[in-house]
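To start, the structure under review is shown below, and the notes come after it.
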């Protein structure tokens, strides 16, 4: 007979960012990184330490780097992807292909495009419906 049943629900944090820039072929880029909450502080501290070790004290963005910082950016990204390889961080990216012409959108859809797409991205990208 089972006297106790322990149900453990995992908590996750999703870091997300987007770019609405309309490119020639693609638009509406959404990216996210999912981290188990129990690993968050440890991973965050390691990434911050690596960033400081490389002398990167500002926000790291591909649109901001110069050629003299390229090797440092690449080293930081390689370090970040070690967490992805070890399944500590899950990465998802969503974008819209411009060849797909959107049809039957209301004005409300167009006005709320950012929120509607973010909602769909978070809802479907990480399989949250199936995580517990």
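Things to note:
- Along each principal axis, Cα extent of region 12-130, largest first, Å: 51, 39, 21
- GNM result for the chain, Cα springs below 10 Å: residue of 43, 77, 14 fluctuating most strongly: 77
- Packing, taken as the mean count of other beta carbons within 10 Å per residue, orders the peptides 78-85, 60-67 from highest to lowest as 78-85, 60-67.
- On the basis of the beta-carbon distance and an R0 of 22 Å, residue 10 and residue 123 show a calculated FRET efficiency of 0.80.
- Per-residue packing, averaged as other Cβ atoms within 10 Å, sorts the ranges 47-55, 24-32 into the order 24-32, 47-55, beginning with the highest.
- Rounded to the nearest 500, the 222 nm mean residue ellipticity of the chain from helices alone is -12000 deg cm²/dmol, with -39,500 (n - 2.57) taken per DSSP H run of at least 4 residues.
- Residue 74 versus residue 103: modelled label distance in nm, points set 7 Å from Cα along the beta carbon direction: 4.6
- Prolate/oblate/rounded label for region 14-82 (Cα gyration tensor, a/c 1.5): oblate
- Contour minus Cα-Cα distance for residue 65 and residue 45 (0.36 nm per residue): 5.0 nm
- Full extension of the chain segment joining residue 116 with residue 20 gains 33.3 nm, where the gain is 0.36 nm per residue of separation less the Cα-Cα distance.
No lab work stands behind these numbers, since they all come straight from the coordinates. Treat the numbers as computed from the prediction; the structure is a model and nothing was measured. Because the Cβ atoms are built from the backbone with ideal geometry, glycine has one as well, and the counts that use them run over all protein chains shown.
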